[in-house]
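Enquirer: Encoded as structure tokens, here's the structure I'll be asking about.
Computed from the coordinates by the stated procedures, all read-outs in this text should not be read as laboratory data. Bear in mind the structure is a predicted one, so any value in this text is a computation, not a measurement. With ideal geometry, Cβ positions are generated from the backbone for all residues, glycine too; neighbour counts draw on all protein chains shown.
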Amino acid sequence: MAGGYAPDGATVATVEVYDPAADAWAAGPDLPVAVNHAMAATLDGAVHVAGGYGGDRLPSRQAVRLEGDRWRQLAPLPEGRAAGGLVALDGRLYLVGGVGPGGLAAGARCRHCRPRATASGWWRWAGSCTCWRAAPGRACTPPPPTRRSTWRRRDTLEG
């Protein structure tokens, strides 16, 4: 768990880590800033956290990756985003839906990035969803294996 609300309603930067082998929770390193409604995903064994509402109640542009026991700042989101979905697939992070500076994210368009990049153009538009959404459920699956399958635009599978 990264950030969220404390029992008194304050937004927190605390991180809790679950160890399934020990069936126990432990404190992790605090996020650089307190956020709630942040989005998180694991990619290449590293936890990534993006966006969320800061203490000012505005959607944040922050993106960070956990490296050892420290959070590394990544390229910021192009616009503040909170209460969306962040998923990892094929070496990229995809941020979908959520709430932006003007309300529900316009068209709930997807953002994707390659986490190893460090340039300011790190996040790119990936396409448009068909409806506006905040707090979506999310999942990512690769295409089923076939002899020569490749993903094509609009998520069609071509053999």
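Enquirer: Report the full-extension gain for the segment Arg57 to Thr14: residue separation times 0.36 nm, less the Cα-Cα distance, to one decimal in nm.
Expert: Numbers: separation 43, 0.36 × 43 = 15.48 nm, distance 1.74 nm.
Here the segment from Arg57 to Thr14 would lengthen by 13.7 nm.
Enquirer: For Asp90 and Ala6, FRET efficiency with R0 = 30 Å and r from the beta-carbon atoms, rounded to 0.05? Let's see the in-between values first.
Expert: On the way: r = 36 Å, r/R0 = 1.21.
E(calc), rounded to 0.05, equals 0.25.
Enquirer: Sticking with this structure for a sec: Quote the relative contact order of the stretch 30-80 in percent (integer), defining contacts as alpha-carbon pairs under 8 Å separated by 6+ residues. Write down the numbers at each step before the final one.
Expert: Values: 93 pairs, mean separation 14.4, N = 51.
This gives 28 percent for the stretch 30-80.
Enquirer: Please list the non-local residues whose amide H lies under 5 Å from the amide H of Leu74, H modeled 1.01 Å from N, same-chain partners needing a gap of 5 or more.
Expert: For Leu74, the qualifying residues are Ala63, Val64, Arg65.
Enquirer: Next question. Each residue of the stretch 8-24 in order: what ³J(HN,Hα) in whole Hz does its phi give by Karplus 6.51 cos²θ - 1.76 cosθ + 1.60, θ = phi - 60°, with x for Gly and Pro?
Expert: 7, x, 6, 6, 10, 9, 5, 10, 10, 10, 9, 10, x, 5, 8, 6, 9
Enquirer: Counting only residues 5 or more places away or on other chains, whose amide H sits under 5 Å from the amide H of Trp123 once H atoms are built in the peptide plane?
Expert: none
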